[in-house]
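**Student:** So that we are looking at the same thing, I have put the structure below in structure tokens.
The values are calculated or read from the model by the stated rules, or taken from the named source; none is laboratory data. What you are looking at is a predicted structure, and each value in this text was computed from that prediction instead of being measured. Reconstructed Cβ throughout: ideal geometry from the backbone, glycine too, with neighbour counts over all protein chains shown.
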Amino acid sequence: MNIRRMIENALSQIVNSLVNKQYSELENEGILGSLNAMQIEDVINSYPGVMTKPSAEEFNHFYYYEYDENSFYLEFDLFFNNKRSDLTLCVEGYKKNSEIKLKIQDIRVL
């Protein structure tokens with residue numbers, strides 16, 4: 001599996017957890033980086049509408065910035081009421097032992 005496909009899969013899992021309001025699970029798994037579950041919940045709840053999971057095809061559309069061959073930063077627009085919003089998931093990631101690890105750095109309006 002290529003790195004882009006691995007990122008799409010990991011990103012989809014995180015977004016699915018956010019849509020299902022599994023903030024504590026993300027925190028327990030170490031995916032929230034320096035944020036905590038309450039901060040994530042507050043940001044999402046303060047945005048108008050209901051967060052929804054985008055189609056599988058939408059996970060192909062993220063902004064990718066490579067730090068080096070094993071680490072990167074990406075941004076993905078979240079969906080509310082089945083439409084792309086300006087609330088953006090900001091994530092740092094790295095490749096380790098043929099796996100992709102992602103950590104949420106921020107969720108903000110861009």
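**Student:** Given the criterion of a type in the set (Gly, Ala, Ser) and surrounded by 16 or more Cβ atoms within 10 Å (Cβ to Cβ), identify the matching residue among Ser85, Ser98, Ser46.
**Tutor:** Exactly one residue qualifies, and that residue is Ser85.
**Student:** Right, next: What are the residues in the stretch 68-82 that are loosely packed, with under 12 Cβ neighbours inside 10 Å and modelled with pLDDT of 95 or more, if any?
**Tutor:** Passing the criteria: Asn81, Asn82.
**Student:** For the stretch 50-77, what are the residues that are of a type outside the set (A, V, I, L, M) and out of contact with any strand residue (DSSP E or B) (no Cβ under 6 Å at 6 or more places or on another chain)?
**Tutor:** Lys53, Ser55, Glu57, Glu58, Phe59, Asn60, His61, Tyr67, Asp68, Glu69
**Student:** Given the residues Glu66, Glu75, which is the only one that is of a type in the set (Asp, Glu) and within 11 Å of Leu11 (Cα to Cα)?
**Tutor:** Answer to the check: Glu75.
**Student:** Now for a separate question. How about the stretch 22-37: which of its residues are in a loop (DSSP other than H, G, I, E, B) and out of contact with any helix residue (DSSP H, G or I) (no Cβ under 7 Å at 6 or more places or on another chain)?
**Tutor:** Scanning the stretch 22-37 gives Gln22, Glu29, Gly30, Gly33, Ser34, Leu35.
**Student:** Can you list residue pairs whose Cβ atoms sit under 6 Å apart, with the first residue in the stretch 41-56 being modelled with pLDDT under 95 and aromatic (Phe, Trp, Tyr) and the second being part of a loop (DSSP other than H, G, I, E, B) and surrounded by 12 or more Cβ atoms within 10 Å (Cβ to Cβ)? Count only pairs 6 or more apart in sequence or on different chains.
**Tutor:** none
**Student:** Having 2 or more residues that are among the aliphatic types (A, V, I, L, M) is the bar; report the strands (runs of 3 or more DSSP E) wholly within the stretch 49-110 that clear it.
**Tutor:** Counting at least 2 such residues, we get 71-80, 83-96, 99-109.
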